[in-house]
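Okay, so here's the structure we're looking at.
The values are calculated or read from the model by the stated rules, or taken from the named source; none is laboratory data. Only a predicted model underlies this, so the values are computations on that prediction, with no experimental measurement involved. All Cβ positions, glycine included, derive from the backbone under ideal geometry; neighbour counts span all protein chains shown. With ligands, DNA and RNA removed, areas are computed over all heavy atoms of the protein, side chains included. Shrake-Rupley method; radii C 1.70, N 1.55, O 1.52, S 1.80 Å.
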Amino acid sequence: MPSAALISVASWLPEARLTNADLEQLVDTSDEWIRSRTGIAERRIAAPGDATSDLAARAGAIALDRAGVQPADVDLLIVATSTPDMVFPSTACLAQAKMGLTCPAYDLNAACTGFIYAIEMATAMIESGRARTIMVIGADVLSSIVDYTDRSTCILFGDGAGAVVLQASEEPGVLSVHLGADGTGADLLYVPAGGSAAPVTPENLAAGDTYLKMNGNEVFKFAVRAIPGVTKQALADSGLTTDDVDWLVPHQANQRITDTVAQRLGIAHERVVCRIEDIGNTSAASIPIALDSLYRDGRLRAGNILALVGFGAGLTYGAAIVRWTRED
Ligand SMILES: CC(C)(COP(=O)(O)OP(=O)(O)OC[C@H]1O[C@@H](n2cnc3c(N)ncnc32)[C@H](O)[C@@H]1OP(=O)(O)O)[C@@H](O)C(=O)NCCC(=O)NCCS
């Protein structure tokens, strides 16, 4: 059975920055409060007219180039997003056209865990022999559903995209993936209106129900409870322990969540990839963006064991244990 190796990674971030000082002008908050409670200093915001598929296609094009793969050779495109361009067609179809791909393409919504869920889908397709080369993109324009009058949420989120190309390989790549979901926590992080449960009306629009709502304390508790367990489970599935992890690449939601998770796993700070300070929470994009930082910094070595871990609305959570195989 072939393994699924990550043969490239890339990311794309908008130019515009929304700093804590900017947010001080919008809501009753302070740079000190935001930094100390979240670790965030600034976020990137998509340019007017740029949709999720635009960010996705730009990250995907770089990943394709780094992989040395021709568009015609991609067998499947999965875009993980919870801020699609529109209800349909899928953001994946729109990004597929922008990248000149010709393969099947679909969206996957597991919120901030979407990238890990998509890695599981891609790995299963490659291991079963149904596909040889798959592109997975995590992309979100959270600014399109953030209420910039709500200080408890608008400080957290930013826009961005990250992409990987997976390919069938004789060398072990994705070693194991463990996923979880608990729909009883759906109301802890959600967008009340705009779906079939509550189509947009003048009333719910005026009430701000088309914006993201969150119970921050409960989401925080869920994350620090669920993530250590699912990471250990995924490691155990590969016969590994936390001692084997060269890099923990967590979903970048809050520096305090990352620190607590790393401490509970017994993984030293130097082995944890932190990118939240300058980009905030970019949802499904955050893990591949962090992984790309590690790659571009030259810190990623062939043979390194990565624990990619995510959590988010759903509630969803998941961990992928990956052996990095690229030599440069
Ligand atoms: C949102 C979050 C930063 C809030 O931090 P917290 O330490 O839990 O703060 P609390 O919600 O308990 O609020 C504490 C106080 O700060 C206030 N506060 C909230 N946001 C504030 C802001 N931006 N600036 C200043 N004060 C703020 C609250 O109103 C509250 O005031 P009160 O004590 O007078 O009622 C934190 O809960 C969090 O990050 N949770 C996880 C969210 C997450 O990761 N979501 C995405 C998952 S994918």
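Data table
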{"item": "Principal-axis tilt of helix 216-237 within the chain, Cα atoms, nearest 10 degrees", "result": "10 degrees"}
{"item": "Percent RCO, i.e. relative contact order, over the chain, from Cα pairs under 8 Å lying at least 6 residues apart", "result": "26 percent"}
{"item": "Förster radius 25 Å - calculated FRET efficiency between ASP278 and MET86 (Cβ-Cβ, nearest 0.05)", "result": "0.25"}
{"item": "Stretchable slack from ARG301 to ARG271, in nm (0.36 nm times residue separation minus alpha-carbon distance)", "result": "9.5 nm"}
{"item": "GNM result for the chain, Cα springs below 10 Å: residue of THR52, THR29, THR83 fluctuating most strongly", "result": "THR29"}
{"item": "Loop GluC sites (Glu not before Pro), region 1-109 (other Cβ atoms within 10 Å of the site Cβ: 13 or fewer; DSSP)", "result": "GLU15"}
{"item": "Choice from ALA110, ALA268, ALA46 showing the highest fluctuation, given a GNM over the chain with Cα pairs closer than 10 Å", "result": "ALA268"}
{"item": "Spin-label pair ARG264/ALA207, simplified geometry with 7 Å Cα→Cβ offset, distance in nm", "result": "3.4 nm"}
{"item": "Region 3-170 - percent of accessible surface contributed by carbon and sulfur, probe 1.4 Å", "result": "52 percent"}
{"item": "Computed label-point distance, nm, for sites THR184 and ARG151 using a 7 Å Cα→Cβ extension", "result": "3.4 nm"}
{"item": "Full-stretch length increase - GLN70, ASP22 - with 0.36 nm per residue and alpha-carbon distance subtracted", "result": "13.1 nm"}
{"item": "Considering only region 176-323, percent of DSSP beta bridges that pair antiparallel, nearest 5", "result": "75 percent"}
{"item": "Rounded Å value of the spacing that divides the Cα centres of region 135-200 and region 58-113", "result": "15 Å"}
{"item": "Under 14 Å from the SER128 label point (7 Å along Cα→beta-carbon), backbone N, region 79-120", "result": "120"}
{"item": "Among beta bridges that DSSP assigns inside the chain, antiparallel share in %, nearest 5", "result": "70 percent"}
{"item": "Helix 52-67 vs. the chain, principal-axis angle (Cα, 0 to 90°, nearest 10)", "result": "20 degrees"}
{"item": "Dipole magnitude of the chain about its Cα centre (Cβ charges: Lys, Arg +1; Asp, Glu -1), debye to nearest 20", "result": "460 debye"}
